[in-house]
Amino acid sequence: MWIVCGRSLRFVGMVLALALAAPVVSLQTDGAPPCDTAAFAHDLRALRPELTIVLLGAGQTPPPTLPPEAPVDAWIARLEGIASGQPVLRVTGNPTPLLRSLSGESCRPVVEIAASIVDGLLDQIPREPSASFVSATALRPSLGIWFGGGVLQGPIEWVPSIALGLRLTIGDWEIVGVSDLGMLATLPLSTSDEGPVGNYTALPFDFEIGGGYAPYLGLGTLSLDALTGPSIVRVWTKGSPLFDSQARVTLEPFVALAAGYTIDLPARFFVGVRVEERWSPTQGPFTVEGGTDSVVTRAWTFTTALLAGWRLF
């Protein structure tokens, strides 16, 4: 019984410590419903339920700056200029004061984007090394899934490609998994005696996993990753009756460096861009006996994509 009570007290202590460690943010807007201070607080609380939020009335004007001895968690986030169509987000009291112009077709997207920016700033709060419970709050994980389209340097030529990815972010670090599928590409199949007799067809696909550094920078998140995985290319021939159809699948390992940048949107959506360069230590040739052309996988492969995704949590 005493053991159970002791564990219960420790659990209550952990919850209390997390509650006390959560920062306090004061919010104020000059917009009218549905873009008033209550709406700003609602959107921010949806992203960070543990946050303590204080609503400042329309008649209360906080000071433009806070004294040097103010605690780190004394934040004031003000959204100004909504009625004029030139909204500005002003955050003071945090380690890096912020002043950013926002734009949107209506006031609601502006309020939602402002809440997302404040949520991202909260992840940058410095934590005391001895405060283990506070550090746990800073390491709140986030999982996102995205879909992209771009171009891939295949074994025959540049081809359109589609990509699907997962990203697990913990603090300023991330773990990513990506798969790319390139479109079909063809190359003439010729012989020294008969000339063109058909064509090669190649379909590239790859899967990779890795991780890297992902700090919040500017309007969104910068990603710098190192990855590895297998590159798969299926090559087959189609020609005259003298040449039987042949197919071959190559499987080659590669390592890659990737860079990307994503911008948060309302309702946990995000958009971004991603570029990557891969290197494979081995290359797989594909030839037909008597043919003068061949398909050879690349040592260096470049790919880029525009992406859109949604953050699950």
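Amide H to amide H, which residues 5 or more places from residue 102 or on other chains are under 5 Å from it, using H placed in the peptide plane?
Sorted by chain and number, the residues that satisfy this are 88, 89.
Just how far, in whole angstrom, is segment 254-293 from segment 142-157 if you go by their alpha carbon centroids?
6 Å
Gain in length, residue 45 to residue 279, computed as 0.36 nm per residue apart minus the alpha-carbon separation, to one decimal in nm?
79.8 nm
List, in order, the whole-Hz ³J(HN,Hα) value for each residue of segment 46-52 obtained from phi through the Karplus relation with A = 6.51, B = -1.76, C = 1.60 and θ = phi - 60°; use x for Gly and Pro.
Result, rounded to whole Hz: 5, 7, 9, x, 7, 6, 8.
Every number here is computed from the coordinates shown, using simple stated rules; none is lab data. These numbers come from a predicted model, not from an experiment.
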